[in-house]
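Visitor: One structure follows; several queries about it will come next.
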Amino acid sequence: MNQHAKLRIGHSACPHDCPSTCALEVELLDSNRVGRVYGAKANSYTSGVICAKVARYADRVHHPDRLLKPLVRAGAKGDGIWKESSWEAAFDLVAEKFIKAEEMYGSETVWPYYYAGTMGLVQRDGIHRLRHAKKYSGFFGSICTNLAWTGWMVGAGALRGPDPREMAKSDCVVIWGTNAVVTQVNVMTHAIKARKERKAKIVVIDVYENATMKQADLGLVLKPGTDGALACAVMHVLFRDGFADHAYLDKYTDDPRGLEQHLRTRTPDWAAAITGLSVAEIETFAHLVGTTKKTYFRLGYGFSRQRNGSVNMHAAASIAAVTGAWQYEGGGAFHSNSGIFKLNQDLLEGTALRDPNVRHLDHSRIGPVLTGAADALYGGPPVTALLIQNTNPVNVAPEQRLVKQGFLRDDLFTCVHEQFMTDTARLADVVLPATMFLEHDDIYKGGGNQHITLGAKLIDPPEGPRTNHFVIEELAKRLGVSDRPGFGLTEKEHIDIILGKRGLGSFDSLGEQKWIDMQPDFEAAHFIDGFGHPDGKFRFRPDWSGQAAPNRPPRSMGLFGPVEQLPEFPDHVELIEVADEAHPFRLTTSPARTFLNSTFAETPVSKEKEGRPVLLLHPDDAAELGLADGSRVEVGNQRGELVLHAKFFDGIQRGVVIAEGIWPNSAHERGEGINVLTGADAPAPYGGAALHDNKVWLRKPQELGV
Ligand SMILES: Nc1nc2c(c(=O)[nH]1)N[C@H]1C(S)=C(S)[C@@H](COP(=O)(O)OP(=O)(O)OC[C@H]3O[C@@H](n4cnc5c(=O)[nH]c(N)nc54)[C@H](O)[C@@H]3O)O[C@H]1N2
Ligand SMILES: Nc1nc2c(c(=O)[nH]1)N[C@H]1C(S)=C(S)[C@@H](COP(=O)(O)OP(=O)(O)OC[C@H]3O[C@@H](n4cnc5c(=O)[nH]c(N)nc54)[C@H](O)[C@@H]3O)O[C@H]1N2
Ligand code: SF4
Ligand SMILES: [Mo]
């Protein structure tokens, strides 16, 4: 009898910020210990497969460095000198500081800052209830999805698409700008099934030969920020060689003739010069998708993290409209299913308490916000108090030098609720220990799949950590808003309400069911009933400033960036940081396999597997610079500089370099992380973070180092 069968198994969902949202089976060793974690076989998307980092979750949940006690700063900021505190005293201190800050500058001086360290709806989104009740500054959550969703929405008009499980039924799967093997392994499960069962081709489009491209039949390595050019040339060939589906175009798209005309000059030659691909590669790819009706374009986030990222996303999605792939099972383009769930979280988020006149601040621009940039503050007071849950901005936000400078301000009070002593927690005034997903109740919805999955509390937390929900409720009591609607309920009650309003049962019924499949029917998923715009058409001519993108900023924030440079049709626009003489290289900060953003950097296996922060660099570029494999190399630009170790890699174009993973700042020899190099300027039209769009110089470090 195998070990797995003997153990008690608990059911859950992976809480991490990953499109896969896997359904999990967790070995329960006793009331407070877990063993191995497995993917649920019975879940049709997870299909028994999860990534290695979550399979070893016991290493994280039972990690010796977990925060267990509230801590109050006892030295200078960042000195690492702390005094342990009771929860009562810590809450009293935070409330006192928030009230004082508000008395001095008004309620908008307090900024609740959160993100998707947990994707659980109750634990993640409850912070809005407190901010609405208190009229604290709003949060425009732009860092991750904004550029991608904008580009998708201006074309398709709704955030959904062909069932991701249908990849298994396609004849060609195009994995575009996502390193799926690393960031959402389940895409591979379904794509490889198609290859095994139907001899489907797998195409991967990226800026380097990453782990996913190693599995591809056709890999296209282009220059960062040039996907729009590739997409245009592909569509040019489709029209030129008779692969465009004119009946489909006439019925389902806004201006096919205008597009065809516009593309006349977007030839493979034109695109080859921009992308660095060969004309033959472009023609081969175009003919493959032109002759394979059941082509499934799986469009990721990575290629949207460029200043022209929304344009590139829109251009890539447009290809499926030219071939008419959407009509077929196993065909069409898919980016995210985030629009299908339509859960009402009003009570959880205290929406009724919202004051529309309260300003919003941009998540990605925390550096400019905390250093007092007038445009980032929208005419309001400085931020003098922060409440942070589920995110590590001192490590993950762009323009790290500004972010750090802000956190070190003497007149800023920061409370961080965390599981570990992160780079952000280190700079806090009060650190509160947080539970992990196996230790609290929540529900989760997929982005790359279609399930709502329950993650009930399976084990007791160690003595000390408390849930996000508890922290919000306790602060509300001390800040005088605990009698407002939405407060005073348990996690289970919130889950009952959210599910009940959508007619999906309750916490208990979902416990029995484990997950609910919310995939829309074929007609809706494939836009057979029409696309999401009022006229039902896919738009080749986007309305860049008028679109109801689901994640758009409040209107009061206006539009961002050089909106006038956004193109009329799919195109290549040079809004990117083009390499120049002083900065001859383009850098992307692609994901590391065993980290998830800033998470897992603390687990021993991840540390061992990742080794040290490196820079992937073409050997010919290295030779020109006189750099040896493994040598230290200084990488810099107008925002800062840091030292990495060169790693020769020829699956990349000349002039492009890759730094994989967001390592803790402390893993770098000068204590500053990769985001010293990334920019916090908001791209057009709705902001976001162009984290893979950096021009840099490389040189041998000047000083003698280790
Ligand atoms: N192991 C692991 N898993 C993760 C994460 C992680 O950090 N590590 N992060 C999680 C999160 S928060 C998210 S949002 C998702 C994101 O997952 P993805 O959608 O995969 O997006 P990224 O991780 O940003 O980058 C994916 C790929 O885009 C490539 N890329 C960068 N610029 C360009 C470009 O201009 N064109 C093209 N074609 N490719 C480009 C990068 O080299 C990288 O290989 O993954 C989640 N899962
Ligand atoms: N250079 C570069 N920078 C990037 C990216 C990149 O590709 N390149 N990717 C960007 C993207 S897409 C994203 S989404 C961001 C993500 O960056 P972060 O928001 O920092 O994301 P995570 O590492 O997923 O989670 C942050 C923290 O949440 C904590 N946490 C988890 N669960 C809970 C909980 O229940 N309660 C509390 N209180 N804390 C919890 C974890 O311990 C972790 O430290 O990074 C962005 N930054
Ligand atoms: S693949 Fe993503 S959702 Fe699945 S277990 Fe790993 S991190 Fe979680
Ligand atoms: Mo993300």
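Visitor: Quick check on the stretch 563-573. Is at least one of its residues assigned to a strand (DSSP E or B) and open to solvent by 20 Å² or more (accessible area, probe 1.4 Å)?
Guide: no
Visitor: Any chance the stretch 22-30 includes a residue that's within 16 Å of ligand 2 (Cβ to nearest atom), in a loop (DSSP other than H, G, I, E, B) and open to solvent by less than 30 Å² (accessible area, probe 1.4 Å)?
Guide: yes
Visitor: Next up: Could you tell me how many of the residues in the stretch 31-53 are in a loop (DSSP other than H, G, I, E, B), of a type outside the set (A, V, I, L, M) and near ligand 3 (Cβ under 9 Å from one of its atoms)?
Guide: 2
Visitor: Output yes when any residue across the stretch 492-500 is surrounded by 18 or more Cβ atoms within 10 Å (Cβ to Cβ), in contact (Cβ under 8 Å) with a residue 60 or more places away in the chain and farther than 21 Å from ALA456 by Cβ, and no when none is.
Guide: no
Visitor: Just to verify a result, which residue in the stretch 358-382, among those that are among the hydroxyl-bearing types (Ser, Thr, Tyr) and over 13 Å from PHE407 (Cβ atoms), is surrounded by the most Cβ atoms within 10 Å (Cβ to Cβ)?
Guide: Here the answer is SER364.
Visitor: Testing ALA158 on (1) more than 16 Å from ligand 3 (Cβ to nearest atom); (2) buried (at least 23 other Cβ atoms within 10 Å of the Cβ), one condition comes back false. Which one is that?
Guide: Only one criterion is unmet by ALA158, namely (2).
Visitor: Moving to a separate point now. What single numbered condition from (1) more than 20 Å from ARG359 (Cα to Cα); (2) surrounded by fewer than 24 Cβ atoms within 10 Å (Cβ to Cβ); (3) in contact with a helix residue (DSSP H, G or I) (Cβ under 7 Å, 6 or more places away or on another chain) fails to hold for PHE139?
Guide: Answer for PHE139: the failing condition is (1).
Visitor: Select from the stretch 103-124 the residues that are open to solvent by 10 Å² or more (accessible area, probe 1.4 Å), touching a residue at least 12 places away in the same chain (Cβ under 8 Å) and not small (Gly, Ala, Ser) and list them in ascending order.
Guide: MET104, TYR105, GLU108, TYR114, TYR115, THR118, MET119, ARG124
Visitor: To continue, here is another question. Please count how many residues of the stretch 290-310 are within 16 Å of ligand 2 (Cβ to nearest atom), hydroxyl-bearing (Ser, Thr, Tyr) and assigned to a loop (DSSP other than H, G, I, E, B).
Guide: Here the count works out to 1.
Visitor: Would a scan of the stretch 393-403 turn up a residue that is within 16 Å of ligand 4 (Cβ to nearest atom), of a type outside the set (Gly, Ala, Ser) and either touching a strand residue (DSSP E or B) at 6+ places or on another chain (Cβ under 9 Å) or within 19 Å of PHE560 (Cα to Cα) (or both)?
Guide: yes
Visitor: Ok, one more. Within the stretch 34-46, does at least one residue satisfy the condition of being within 30 Å of MET167 (Cβ to Cβ), more than 16 Å from ligand 4 (Cβ to nearest atom), charged (D, E, K, R) and open to solvent by 20 Å² or more (accessible area, probe 1.4 Å)?
Guide: Yes, there is a match, as at least one residue in the stretch 34-46 is within 30 Å of MET167 (Cβ to Cβ), more than 16 Å from ligand 4 (Cβ to nearest atom), charged (D, E, K, R) and open to solvent by 20 Å² or more (accessible area, probe 1.4 Å).
Visitor: Just the residues that are part of a loop (DSSP other than H, G, I, E, B) and either of a type outside the set (Ser, Thr, Tyr) or crowded, with 24+ Cβ neighbours inside 10 Å (or both), please, taken from the stretch 468-484.
Guide: LEU479, GLY480, VAL481, ASP483, ARG484
Visitor: For the stretch 256-269, give me each residue that is within 32 Å of the chain's Cα centre (by Cα) and in a helix (DSSP H, G or I).
Guide: Of everything in the stretch 256-269, those that are within 32 Å of the chain's Cα centre (by Cα) and in a helix (DSSP H, G or I) turn out to be LEU259, LEU263, PRO268.
Visitor: How about the stretch 174-211: which of its residues are in contact with a Ser or Thr (Cβ under 9 Å, 6 or more places away or on another chain) and within 21 Å of ASP693 (Cα to Cα)?
Guide: ILE175, GLY177, THR178, ASN179, ALA180, VAL182, THR183, VAL204, ASP206, VAL207, TYR208, ASN210
Visitor: Would you point out the residue of the stretch 556-597, among those that are closer than 22 Å to PRO224 by Cβ and of a type in the set (Ser, Thr, Tyr), that is farthest from ligand 4 (Cβ to nearest atom)?
Guide: THR588
Visitor: In the stretch 609-627, is there at least one residue being part of a helix (DSSP H, G or I), under 26 Å from the mean Cα position of the chain (by Cα), away from ligand 2 (no atom under 16 Å from the Cβ) and outside the structural domain of GLN400 (by TED's automatic domain parsing)?
Guide: The answer is yes, given that some residue of the stretch 609-627 is part of a helix (DSSP H, G or I), under 26 Å from the mean Cα position of the chain (by Cα), away from ligand 2 (no atom under 16 Å from the Cβ) and outside the structural domain of GLN400 (by TED's automatic domain parsing).
Visitor: Out of ILE443, ILE459, which single residue is over 19 Å from ILE662 (Cβ atoms), open to solvent by less than 10 Å² (accessible area, probe 1.4 Å) and in a loop (DSSP other than H, G, I, E, B)?
Guide: That would be ILE459, the only listed residue that is over 19 Å from ILE662 (Cβ atoms), open to solvent by less than 10 Å² (accessible area, probe 1.4 Å) and in a loop (DSSP other than H, G, I, E, B).
Visitor: On to the next question. Checking TRP111 against (1) within 23 Å of GLY464 (Cβ to Cβ); (2) within 16 Å of ligand 2 (Cβ to nearest atom); (3) not in a helix (DSSP H, G or I): exactly one of these is not met. Which one?
Guide: The failed condition is (1).
The values are calculated or read from the model by the stated rules, or taken from the named source; none is laboratory data. Note that the structure is predicted; figures quoted are calculated from it, not measured. Note that we place each Cβ from the backbone using ideal geometry, even for glycine, and neighbour counts take in every protein chain shown. Only protein heavy atoms, including side chains, enter the accessible area calculation; ligands, DNA and RNA are left aside. Shrake-Rupley method; radii C 1.70, N 1.55, O 1.52, S 1.80 Å.
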